[in-house]
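Peer 1: Sharing a structure below in C-alpha cells format, with a few things to ask.
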Amino acid sequence: MKKVMLALALFPSALSLQAQKKTPAEVRIPMTPERWEVKPGTATFTEFKAKPAIQLLTQSDPVVVKDLTFTSGTIEFDWAPDGPFFAGLYFRRKDTLELECFYLRMHVEGVANAMQAVQYAPFIDGVNLWDLLPGYQGPAACKKNEWNHIKLVISGARMIAYVNDMEHPAIHVPQLQGNTRSGGLAFDGAGKIANLVIRPDQVDGLNPEPEPDPVYNDPRYLRKWQITQPKDLPVGQEPFDAKAPELKETWTPIAAERLGLVNITRLYGKSASRRLVWLKVKLKSPQAQIRHVDLGFSDEIWIYLNGRPLYTDKNIFSTPAGKQPLGRLSLENARFDLPLIQGENEILVGIANSFYGWGLVARLDMMEGIEVLQ
C-alpha cells in the first residue's frame, strides 16, 4: 500500500493527463471568429432566423474549423445555402488537395427525385472525382435561404448522410474513396451555417469496414491491366492511326478498384493539360468469337485489337460529346463488338484526360472459356 501511495505522490499528473486524453462526447463549434480560419472579406459572423451563424459570402473561398482533427463520428449542423450553386462540406481534410467532400447541388431545388441533389466525392491531388463515381449521389428536399438540418455518420470506410429527414438517409456511401483517414473540417459555397456539433467516435453502430464490392464475383470485368507513364497530348492531336502504335514503353501493372474502376487519377494525379496513357490486356479465347463490351471512360479513348483500330469515342462533360449520364463515367457510356480470334488477343487502349477524373471500366457480356493472361 505504501508503494502505491508513493507512486501516486510521485506521479500525480499521469492520471490527470490520461483523463485529459479521453475523447470528448461532443464538441460544439461556436459561430465566433476565434474558432474559424477565414480569408478576410469572405465571411461574416451574424444571426440568421434566430440562430448564431457564420455566413459565407463567396462561392469558392473555404472557411476552416480551427483546432479540430476528425477521423470517425457524427457531424451535425444546420445549413442555409444562398443561391442555386454548390454548398460543400469537406472532412478528413489533409489540405486543399487531399480530402473527402459531401455537397448539395441547389440548382435542383424543388425537382422531385433529382439524383444529383446530394453527392459525395473524394478529392485526390486536387481532383474532384465526381465524374468517376456517379453512383454516390441521391435525391433530397433542400431549400435555399432556409435552414436545412444535415447529419453525417462516418465510420471508418463508410458514411451515411441525412438531409432534413433524420429517419431515411439521403445517401449511403459503402466505401469512402479518398486517400485520407483523418483531418480537418471546412465548408464552402455562399450561405449560412449554424449549430455545428461533432461527436467523435459516435457512429450509431455503423460498421467501419467497407461493404463488399457488389461485382466482386463477376468475372466479366477486365480488372488487370498494364499501363504506361502519361505523356502530353496537345489539344487537336489524336493518336489514331491505321495501325496500333509501336510502344517502346515501360509497363506497370494497375488493378481495378471497386466496381471494376481503373482509377488513373489515383495513380497519376491531376492533368494540368491534356495527357495520354496507354493500357493493355491480353485475352486467350478458345475459339474465334464476337463478344460485346460495355465501356465507361473519361474523357477520350482509342482502342485497338490485335494491332488494328477497333473503336474510338469521346465522353467530355458539358459538350455534345458527353455521354449518359451527364458526361460521367458509367457502363452506360458505350458498347462495341470485340471480334476475338482463337488464341491470344491483345487489347490496346489509349485514354486521354484534361478534365476532372481519369479512368475506365470495361465489362464483357460473357467470359466463359476466356482467360486473362498476365
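The values are calculated or read from the model by the stated rules, or taken from the named source; none is laboratory data. Note that the coordinates shown come from a computational prediction; the quantities given were computed from them, not determined experimentally. In this analysis, Cβ positions are derived from the backbone assuming ideal geometry, glycine residues included, and neighbour counts consider all displayed protein chains. Quick note on the areas: whole protein, heavy atoms, side chains included, nothing else; ligands and nucleic acids left out. Shrake-Rupley method; radii C 1.70, N 1.55, O 1.52, S 1.80 Å.
Peer 1: Solvent-accessible area of Val111, probe 1.4 Å, all protein chains present, reported in Å² to the nearest ten, please.
Peer 2: 80
Peer 1: Ignoring ligands, DNA and RNA, what percent of the accessible area of the chain is carbon or sulfur (1.4 Å)?
Peer 2: The C+S portion of the solvent-accessible surface of the chain is 54 percent.
Peer 1: Using each residue's phi in segment 97-113, evaluate 6.51 cos²θ - 1.76 cosθ + 1.60 at θ = phi - 60° and report the 3J(HN,Hα) Karplus result to the nearest Hz, with x for Gly and Pro.
Peer 2: Values, residue by residue: 9, 10, 5, 10, 9, 10, 8, 9, 10, 6, 5, 9, 3, x, 8, 5, 6 Hz.
Peer 1: What is the magnitude of the charge dipole of the chain about its Cα centre, with +1 placed on the Cβ of each Lys and Arg, -1 on the Cβ of each Asp and Glu, and no other charges, expressed in debye to the nearest 20?
Peer 2: 860
Peer 1: Pairs of alpha-carbon atoms within less than 8 angstrom and 6+ residues apart define the contacts here; what relative contact order does segment 27-200 have, in percent?
Peer 2: 34
Peer 1: Which value, in Å² rounded to 10, gives the accessible area of His292 with a 1.4 Å probe and all protein chains present?
Peer 2: Using a 1.4 Å probe on the heavy atoms, I get roughly 60 Å².
Peer 1: Using θ = phi - 60° and the Karplus form 6.51 cos²θ - 1.76 cosθ + 1.60, what ³J(HN,Hα) does each residue of segment 31-39 get, whole Hz, x for Gly and Pro?
Peer 2: So the Karplus estimates, Gly and Pro as x, are 8, 9, x, 5, 9, 10, 9, 10, 6 Hz.
Peer 1: Quickly work out the Lys66-to-Ile290 label distance, labels modelled 7 Å from Cα along the C-beta direction, and quote it in nm with one decimal.
Peer 2: With each label placed 7 Å out from Cα toward Cβ, I get 6.9 nm.
Peer 1: Farthest toward the dipole's positive end in the chain, which of Phe102, Val215, Val38, given Cβ charges of +1 (Lys, Arg) and -1 (Asp, Glu) about the Cα centre?
Peer 2: Towards the positive end, the residue furthest out is Val38.
Peer 1: Can you give the Rg and Dmax of segment 234-374 based on its C-alpha atoms, in angstrom?
Peer 2: Cα-based Rg and Dmax for segment 234-374 come out at 14.8, 44 Å.
Peer 1: Applying the Karplus parametrisation 6.51 cos²θ - 1.76 cosθ + 1.60 with θ = phi - 60° to the phi angles of segment 188-200, what ³J(HN,Hα) value in whole Hz is obtained for each residue in order, glycine and proline being reported as x?
Peer 2: 8, x, 4, x, 10, 10, 8, 6, 7, 10, 10, 10, x
Peer 1: Taking the alpha-carbon distance from Lys51 and a cut-off under 22 Å, which lysines remain once sequence neighbours fewer than 8 residues away in the same chain are dropped?
Peer 2: Lys66, Lys143, Lys144, Lys151, Lys192
Peer 1: Sticking with this structure for a sec: So, in segment 221-373, how many Lys pairs have Cα atoms under 18 Å apart, if the pair is 8 or more places apart or on different chains?
Peer 2: For segment 221-373, qualifying lysine pairs total 11.
Peer 1: Could you do me a favour and compute the accessible area per residue for the chain, 1.4 Å probe, result in Å²?
Peer 2: Value for the chain: 49 Å² per residue.
Peer 1: Quick one: in the chain, what % of C-alpha pairs are over 35 Å apart?
Peer 2: So the portion of pairs separated by more than 35 Å is 37 percent.
Peer 1: Can you give me the C-alpha center-to-center distance between segment 310-344 and segment 25-89, rounded to a whole angstrom?
Peer 2: Taking the Cα centre of segment 25-89 as reference, the centre of segment 310-344 is 41 Å away.
Peer 1: Also, quick follow-up: Sequence-distant or interchain residues sharing an amide H contact under 5 Å with Asp61, placed H: which?
Peer 2: Residues meeting the amide H criterion: Gly189.
Peer 1: Full extension from Asn217 to Met366: what is 0.36 nm times the residue separation minus their Cα-Cα distance, to one decimal in nm?
Peer 2: Additional length available on full extension: 52.3 nm.
Peer 1: Applying 1/(1 + (r/R0)^6) with R0 = 56 Å to the Cβ-Cβ distance of Glu167 and Arg308, what FRET efficiency is obtained, to the nearest 0.05?
Peer 2: Rounded to the nearest 0.05, the efficiency is 0.50.
Peer 1: When all protein chains stay in place, what accessible area (Å², nearest 10, 1.4 Å probe) is found for Met166?
Peer 2: 70
Peer 1: Is any residue of segment 274-299 close enough, with backbone N under 12 Å, to a label point placed 7 angstrom from the Cα of Gln342 along the Cα-Cβ axis, and if so, which?
Peer 2: Backbone N within reach: 285-289.
Peer 1: Suppose every K and R has +1 on its Cβ and every D and E has -1 on its Cβ; what is the size of the dipole of segment 58-157 about the Cα centre, in Debye to the nearest 20?
Peer 2: Once rounded to the nearest 20, the dipole reads 160 debye.
Peer 1: Let me know the shape class of segment 27-200, please: from the alpha-carbon gyration tensor, a ≥ b ≥ c as square roots of the eigenvalues, rounded when a/c is under 1.5, otherwise prolate if a/b is greater than b/c, or oblate.
Peer 2: rounded
Peer 1: If you don't mind, another one. Counting only helical runs of four or more DSSP H residues, what would the 222 nm mean residue ellipticity of the chain come to if each run contributes -39,500 (n - 2.57) and the total is spread over all its residues?
Peer 2: After summing the helix terms and dividing by residue count, I get -1500 deg cm²/dmol.
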